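Colleague: Can you keep this structure in mind? I'll have questions shortly.
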């Protein structure tokens, strides 16, 4: 397991000692959490009827200008906890009835998460999820094997210009697509229990952005060309909501139109994506972004 004290866990390759300084993601060496609670607004096969036991970590390897979680992804809100406490949180969420343990932006803390899982493994009966923005290194994803059952990964952009402008990562797509390949090697095709709750597999999420529908078309085509349409579950999201950080990005300072979203859905269907979630255009809800108030931490 990579030592995060000389951190090269993500494509930024900061190579710093996080006990002494912060890298691009802003994460300290100890796990830093903003919330740990049941969450009901993931895909139906994740949230089910009882909720997903979601642990929101502070810090992110991307700098998405439109991020709804910017208070934790870039502003660093959260509380540092021990590895022992993190393991306890996993057990507490399971005791609350969670269908799974959903780790949001976990990679900066992968070594510590692995230790926490090892400490409670004999008591855990539900799957673990890595919920990631997609900007990952395949060797790091390989380290998740035997720890993570399900990947919820974004494929945000194909265009290098768009990914650089909105997330400061011109090489985003190359890393995202190669990491997806490793995720599929790790966990295989989707497997559900008798109630339709995902037990292992990959969900590929794509958030449709204003003015970017042609880039969405290209992503869907590239995914089909490389992986087909049955190895993973596609989730097309319409919930883009402008935030207060978009003054420098006027083209994003609006919701997507029905035409923009429906055209991406139609393209996906033409390509044969039937194993997919397609949101209703009106599905953008405040509940998708829970309060980051240290609940459960």
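Colleague: Hey, does region 188-197 have a residue that's within 16 Å of the chain's Cα centre (by Cα), surrounded by fewer than 20 Cβ atoms within 10 Å (Cβ to Cβ), under 17 Å from residue 234 (Cβ atoms) and modelled with pLDDT of 95 or more?
Modeller: The answer is no, given that none of the residues of region 188-197 is within 16 Å of the chain's Cα centre (by Cα), surrounded by fewer than 20 Cβ atoms within 10 Å (Cβ to Cβ), under 17 Å from residue 234 (Cβ atoms) and modelled with pLDDT of 95 or more.
Colleague: Let me ask another. Which pairs turn up if I take residues in region 243-262 that are outside any loop (DSSP other than H, G, I, E, B) and look for partners that are surrounded by fewer than 16 Cβ atoms within 10 Å (Cβ to Cβ) and modelled with pLDDT of 95 or more with beta carbon separation below 7 Å, at least 6 apart in sequence or on another chain?
Modeller: 251/211
Colleague: Out of everything in region 108-129 that is under 20 Å from residue 45 (Cβ atoms) and without any contact (Cβ under 8 Å) to a residue 40 or more places away in the chain, what residue ends up being surrounded by the most Cβ atoms within 10 Å (Cβ to Cβ)? Explain how you work it out, then say what you get.
Modeller: Here is the first cut: in region 108-129, the ones under 20 Å from residue 45 (Cβ atoms) are 124-129.
Narrowing further to those that are without any contact (Cβ under 8 Å) to a residue 40 or more places away in the chain: 124-125, 128.
On the way: 124: 14, 125: 5, 128: 20.
Filtering first and then ranking leaves 128.
Colleague: Something else: Out of all the residues in region 86-107, which are touching a residue at least 40 places away in the same chain (Cβ under 8 Å) and closer than 16 Å to residue 295 by Cα?
Modeller: Hits for region 86-107 are 86, 89, 92, 93, 94, 96, 98, 101, 102, 103, 104.
Colleague: For region 45-52, indicate whether the set of residues that are surrounded by fewer than 18 Cβ atoms within 10 Å (Cβ to Cβ) and more than 17 Å from the chain's Cα centre (by Cα) is non-empty.
Modeller: Yes, region 45-52 contains a residue that is surrounded by fewer than 18 Cβ atoms within 10 Å (Cβ to Cβ) and more than 17 Å from the chain's Cα centre (by Cα).
Colleague: Something else about it: Can you find a residue that is part of a strand (DSSP E or B) and touching a strand residue (DSSP E or B) at 6+ places or on another chain (Cβ under 6 Å) anywhere in region 105-125?
Modeller: Applying the first criterion (part of a strand (DSSP E or B)) to region 105-125 yields none.
Within region 105-125 (the criterion being part of a strand (DSSP E or B) and touching a strand residue (DSSP E or B) at 6+ places or on another chain (Cβ under 6 Å)), the answer is no, since none of the residues qualifies.
The values are calculated or read from the model by the stated rules, or taken from the named source; none is laboratory data. For clarity, every value in this text was computed on a predicted model and none was experimentally measured. Here the Cβ is made from the backbone with ideal geometry for all residues, glycine too, and neighbour counts use every protein chain on show.
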